[in-house]
Structure formats: C-alpha cells, structure tokens
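One structure is given here, and the rest of the page talks about it.
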Amino acid sequence: MEIGSGILDAHPDLMPLLPFDDDDPAAGGLRILFRDLDDDVFDERGALDPDWPADAALLLEPDTLTGLRPGDLVALTFTGGVLRLTAAGSPPAPAPDLTAALTDLVPQDRPEPLDDVIWQLMADDPSLLTAPTTPLGELITAAGYVCDGDDIAASGFDFAAHRGKSHMAQVAAAHHLTDDQTDAVLAFLALIGVLERTPDHERAAAVDAVVANFGDRFAGLASPNAARAAFGEAYATAHAAPTPCEWPRRCSVTAVPAGSPRPRTGWRARRPSSTDAPPTPNGTTSGPCRWTRPGTRRS
C-alpha cells in the first residue's frame, strides 16, 4: 500500500516529528494526511482501503518509495527546520533498550503523550535516535509499552476504559453531577448503545439485560442535570463525525551547525518549536530521526 501509493503510514514511529511537517511535497517536503479528511488524496493515489491508515500518514511524491521492498528502512530527518525522507542505506545500529527510561517517564496506571515522552528521552540522552536503528514502535514494544493514537502506556493498559472514564469525569464536572447521577448517565448511554447496535430480533432481550445489569441506577435521571447530560451525550454520539487518528518509520540524521538553538528544559510540558533540536555530544545539534519499514501492504 505505502510503496504503491507514495503515502507513508506514520504511526507510531514518526509521531513526534509531525509538528514539523512541510506541506510542499513538490519541493521534497512532506504533508500530513488523515483518512476521512483527505479521502480525495488517498483515492487519487490508489489507496482505497477505508480503514488504512488508522492514524495519520505522510504524503510523498508518487515515486518516492519506488524501488523499495516491504521491510526496507527509510529515514526521516529533521535538519535546518525541514523534514526529509531518504532510504537508510547503512546497516542499522544496535537497538537501544528503552525499558528503564520509559519506566521513569510512563506510569503504570495512566498514559502519557507519546511525543512528549520521546522528546524527553532525546533530551535526556542526546545520542538517542541519531542513527538508523530499529523503528521506534518496535523499540517501544520491546520495552513493554504500547501506543494508542498520540499516547503511550504500559502493555495491557485499557485505553478505551481510560478515555471513557476521563470523558465521564468531564461530563460530571460540566453538569455538576453526583456519583449516582453520573452512574445514571452511563446506564442511559449503555441502553442507547444497545438500541443502536443490536439487530431487531435481539433488541428486546438486550434491553432487558442492560436494565437488569444497571437496576435502580437509572433513578438518577430524575435529576434535571443528569437528564440534560444524558441527552447531550446521546445526541453527540449519534451526530459524531468520524474522528481522524494519529502516526511510523526508520532514518539517518544530518548535523546542523553548532550554535543552532538548543532544547529548553521541560520537553514534556510542551511541543518543541521548529527550531529546537537535541544537542549531540560533539556540540552540534542534529535533527531527530525516525525509522520505519514501509510497504507492509502493497496496493
């Protein structure tokens, strides 16, 4: 799919570099695409699978990946404020072990923003990701962590449950709900979900099962605030547009002159600016790089 279309799936290897996208492919730059928002571009390039990519992608010139085979490494470099993609011709460097570093940065009970974590890793270790090596996603998996959209968490973490819990906490705060009233909203949404997803001939039994499961927790809907929140959430769910997700691959790196801006402290508190680059041991600054294996599927 990637080789034939010239569109590179970007999740998760290239995610931290996406803020630096250059939307002029004709000049060798890169542009970020999202399924649903850029379907016309995907169709034009022959990438017709509506489920690919699940997250963001990078638009290249149509023949950029021509000649590569599935599993070959490509290099995304950030030098002089510009992103460029090249083939990674040299043998890959030994894969760094990120286990200890990720343990310090990512708690076991919640996710962290992936780009913040990776920039912090590079600030702590300026030699990290400055030569072609195992793709970032594989390094993360080997260390016992997993990515979901823009986030990273320990393997086995339930991202869906976490997002649901966080969202309901926001709903409860916005509508000044008590715990019982929040439970009532959740019960109502579960009932609506069953009505929407269950075939007609199974619907009555499914509704009975939801009612039996939640029991008297529906009573909280007697509160005007809870009723308002339940209706608002049900309406938003029914009218929600498809949400574009987020970003992958391998690379080489080119140093830029000494004296270029160095990273400020607190990488995890913000996205780096387009002029920031981690310092290298020799006093120059080099653009971070990411590696990936294109063409796992061909169109």
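The values are calculated or read from the model by the stated rules, or taken from the named source; none is laboratory data. Given the structure is predicted, the values throughout are model-derived calculations rather than measurements. Backbone-built Cβ (ideal geometry, glycine too); neighbour counts: all protein chains shown. We work out accessible area using only protein heavy atoms, side chains counted, and drop any ligands, DNA or RNA first. Shrake-Rupley method; radii C 1.70, N 1.55, O 1.52, S 1.80 Å.
Where strands (runs of 3 or more DSSP E) sit wholly within region 34-98, those with at least 3 residues that are open to solvent by less than 30 Å² (accessible area, probe 1.4 Å), farther than 11 Å from Ser5 by Cα and touching a Leu at 6+ places or on another chain (Cβ under 7 Å) occupy 74-79. State yes or no: is Ala100 on the phi < 0 side of the Ramachandran plot and over 17 Å from the mean Cα position of the chain (by Cα)? Against the criterion (on the phi < 0 side of the Ramachandran plot and over 17 Å from the mean Cα position of the chain (by Cα)), Ala100 qualifies. Looking at Ala222, is it modelled with pLDDT of 85 or more and either open to solvent by 40 Å² or more (accessible area, probe 1.4 Å) or among the hydroxyl-bearing types (Ser, Thr, Tyr) (or both)? When the stated conditions are applied, Ala222 passes them. Filtering region 184-219 to residues that are in a helix (DSSP H, G or I), open to solvent by less than 40 Å² (accessible area, probe 1.4 Å) and touching a helix residue (DSSP H, G or I) at 6+ places or on another chain (Cβ under 7 Å) leaves Ala184, Val185, Ala187, Ala190, Leu191, Val194, Ala206, Val207, Val210, Phe214.
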